[in-house]
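Contents: one structure, followed by commentary.
The values are calculated or read from the model by the stated rules, or taken from the named source; none is laboratory data. This one's a predicted model, so the numbers in the text were calculated from it and none came from an experiment. Note that each Cβ is placed from the backbone with ideal geometry, even for glycine, and that neighbours are counted across all protein chains shown.
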Amino acid sequence: MLGAEHSIKETYVKNGQLLLIFAPVLNHGDRSLQTHQASECAADQGRFWEFHNILFENQDSFWFGDIQAMMKQLAADAGFDTVEFNACMNEQRHLDLVQEQDQFRVKAGIRGQPVFNINGDILIGAQPFEVFQGVIDPKLAAE
């Protein structure tokens, strides 16, 4: 999605035709749990998608070391309110939410990633913008 994300946002999200909803996939143990919680802590500051992009840009560095400390450092480097962000992470404020969202995915039978559900049409794997457009435009025309 990252390749098509900008075009999707510019074409559909910006004008209110489409809402992007991100659901976590907890397939890497505590590292997944901590990064998804960090994203929710970023969302508390209105910066979910910004942090989402930061995580993707830095994902190769998450395999070793203290994952919570890494999340806090990324937030600090990006100019977040670190007192609030760090408290959110320390309290594991979004643990239940992230686990509930992942259970929804499991119950829906979604095992791989990325998977996109566009009002019932499922796209599997990273796709170019034109593929998303081919699914989205007919749905918008039918409304």
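Sort out which residues of the range 111-143 are out of contact with any helix residue (DSSP H, G or I) (no Cβ under 9 Å at 6 or more places or on another chain) and among the β-branched types (Val, Ile, Thr), and write them in order of number.
Ile122, Ile124, Val135
Say whether the condition of being touching a strand residue (DSSP E or B) at 6+ places or on another chain (Cβ under 9 Å), of a type outside the set (D, E, K, R), in a strand (DSSP E or B) and touching a residue at least 40 places away in the same chain (Cβ under 8 Å) is met by at least one residue in the range 98-119.
Yes, some residue in the range 98-119 is touching a strand residue (DSSP E or B) at 6+ places or on another chain (Cβ under 9 Å), of a type outside the set (D, E, K, R), in a strand (DSSP E or B) and touching a residue at least 40 places away in the same chain (Cβ under 8 Å).
Looking at (1) in a helix (DSSP H, G or I); (2) over 18 Å from His28 (Cβ atoms), which is the only condition Met89 fails?
So Met89 meets the others, but not (2).
Here is a list of conditions, (1) in a helix (DSSP H, G or I); (2) touching a residue at least 40 places away in the same chain (Cβ under 8 Å); (3) of a type outside the set (Lys, Arg), and Gln45 meets all of them except one; can you say which number that is?
Of everything listed in (1) in a helix (DSSP H, G or I); (2) touching a residue at least 40 places away in the same chain (Cβ under 8 Å); (3) of a type outside the set (Lys, Arg), Gln45 misses just condition (1).
Could you please let me know if Asp77 is at pLDDT 90 or above, under 26 Å from Phe51 (Cα atoms), within 18 Å of the chain's Cα centre (by Cα) and surrounded by fewer than 13 Cβ atoms within 10 Å (Cβ to Cβ)?
no
Residues in the range 14-42 that are surrounded by fewer than 16 Cβ atoms within 10 Å (Cβ to Cβ) and not in a loop (DSSP other than H, G, I, E, B): how many?
Residues that pass the stated criteria total 2.
Run down Lys72, Lys107 and say which single residue is within 28 Å of Gly46 (Cβ to Cβ) and charged (D, E, K, R).
That would be Lys72, the only listed residue that is within 28 Å of Gly46 (Cβ to Cβ) and charged (D, E, K, R).
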